[in-house]
Amino acid sequence: MGAFEFNNNTELSARNCGLGCGCGSNSDRGEVCIIAQKIFDQCRIQKCLTSDILGPARAARNPIPSCNEMLCEGDIIVPPCNAADVTIKDLELKRIEIIRKKPNPLQRGCWDIELKYVFEYTLEFRRADGCIIGCIEATNSYNLRVTLFGSTESDVTTATDLFECCGNSKGGPFVVAEGKALALAADLKFSGFSKNCGCNCGCGCGCGSGCNDGCCGDITMGAPVAVNVTIGLFTIVKLFRTVNMMVESLGKCIPESCTSTASSGDPCGDFESMCFPLDMFSPSDEHKSCCGFGPTFGSPK
């Protein structure tokens, strides 16, 4: 039986038990000692990230490099000069980086945390007549600083073979950050009136006549020079430590038998065995708030 002979070791464990927490840890019910990741402090933030915070949209790394690429990663994206509109699509919070974590010099037990949120998305440009000109992968990042309570620094060094990649580590606290991003808006940025759009003539002299091939864009504002995006960010930041904790146990978890979900091989038979989805043909009368996520994710600050 090997690893499944747990009950045979109960008597041996009881004989070796003499120091509080370990006593009764192998029993099915009652108080047991577990290793838990206890949250010491956490906060939630709902922030609207405008172009004043993010800066202009920048070129993202293309997973498939092309010889036709004219921008390097991180360069400011300059829209086509005949672009009249831009749309942000497929926004993804690509990653959250923990930049630094250090004790707060003024508040004992508090920790200053800096996080970097990296967003990636697609910008789609259109002419004034609605025709798509092209699209490009773009990116922006945002640095967030918070202070949370994580108790005093521990001098204990911890080692475990459960996570072989991590090696030895201090007792914490450790950071967990979760986030969700929403694409709110994208706008073309113009530098203002331009007197020269190229081909050695004033702005507008060649638009529609072949000189600039219609590239002057909005003559009153000049050609677009960048893209400003607005992104909504929901995020939760936590500080936790690994601790020993006594909990009340209701017994062991016994898994249920697995059931087969294999298809019969007859697509019509599988389809005809399904219940008719009446709900799809009836509008729901269940009241639903249209106020968005404010009451759930709102921040008092």
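The values are calculated or read from the model by the stated rules, or taken from the named source; none is laboratory data. Worth saying up front: this structure is predicted, and the values here are computed from it rather than measured. Neighbour counts run over all protein chains shown; Cβ positions are idealised from the backbone, glycine included.
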Next item on the list: Of the conditions (1) in a strand (DSSP E or B); (2) modelled with pLDDT under 95; (3) under 17 Å from Ala185 (Cα atoms), Ile45 clears all except one; give me its number.
Entry: (3)
Item checked: Out of Leu239, Leu233, Leu182, sole residue that is at pLDDT 80 or above, out of contact with any Ser or Thr (no Cβ under 8 Å at 6 or more places or on another chain), more than 30 Å from Asn104 (Cα to Cα) and part of a strand (DSSP E or B) -> Leu182
Next item on the list: Could you please give the count of residues in the stretch 48-75 that are assigned to a strand (DSSP E or B) and either surrounded by 13 or more Cβ atoms within 10 Å (Cβ to Cβ) or modelled with pLDDT under 80 (or both)?
Entry: 3
Next item on the list: Scan the stretch 276-287 and give yes if some residue there is at pLDDT 85 or above, within 35 Å of the chain's Cα centre (by Cα), among the polar types (S, T, N, Q) and over 30 Å from Val78 (Cα atoms), otherwise no.
Entry: no
Check: Got a sec? Which of Ile96, Ile133 is touching a Ser or Thr at 6+ places or on another chain (Cβ under 9 Å), outside any loop (DSSP other than H, G, I, E, B) and surrounded by 14 or more Cβ atoms within 10 Å (Cβ to Cβ)?
Finding: Ile96
Checklist line | Selection within the stretch 99-122 - farther than 20 Å from Leu54 by Cβ, surrounded by 15 or more Cβ atoms within 10 Å (Cβ to Cβ) and aliphatic (A, V, I, L, M) | finding: Ile113
Note to self: I'm trying to understand the selection: among the residues of the stretch 255-274, which are among the acidic types (Asp, Glu) and either at pLDDT below 80 or surrounded by 10 or more Cβ atoms within 10 Å (Cβ to Cβ) (or both)?
What the structure shows: Asp266, Asp270, Glu272
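Against the condition within 24 Å of Asp187 (Cα to Cα) and among the acidic types (Asp, Glu), how does Glu114 come out, does it pass?
no
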Margin query: Looking only at the stretch 136-155, filter to residues that are outside any strand (DSSP E or B) and either among the acidic types (Asp, Glu) or surrounded by 15 or more Cβ atoms within 10 Å (Cβ to Cβ) (or both); which one of those is farthest from the chain's Cα centre (by Cα)?
Written below: Asp155
Next item on the list: State which residue pairs qualify: first residue more than 20 Å from Gly109 (Cβ to Cβ) and inside the stretch 32-43, second residue of a type in the set (S, T, N, Q) in any location, beta carbons under 7 Å apart, and separation of 6 or more residues or different chains.
Entry: Val32/Ser25; Val32/Ser249; Cys33/Ser25; Cys33/Asn244; Ile35/Thr242; Ile35/Asn244
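Taking the stretch 242-254 as the region of interest, how many residues are among the charged types (D, E, K, R) and modelled with pLDDT of 90 or more?
Qualifying residue count, the stretch 242-254: 1.
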Notebook entry, point to check: Within the stretch 214-230, can you find the residues that are over 26 Å from Leu93 (Cβ atoms), modelled with pLDDT of 55 or more and surrounded by fewer than 19 Cβ atoms within 10 Å (Cβ to Cβ)?
Noted result: Met221, Val225
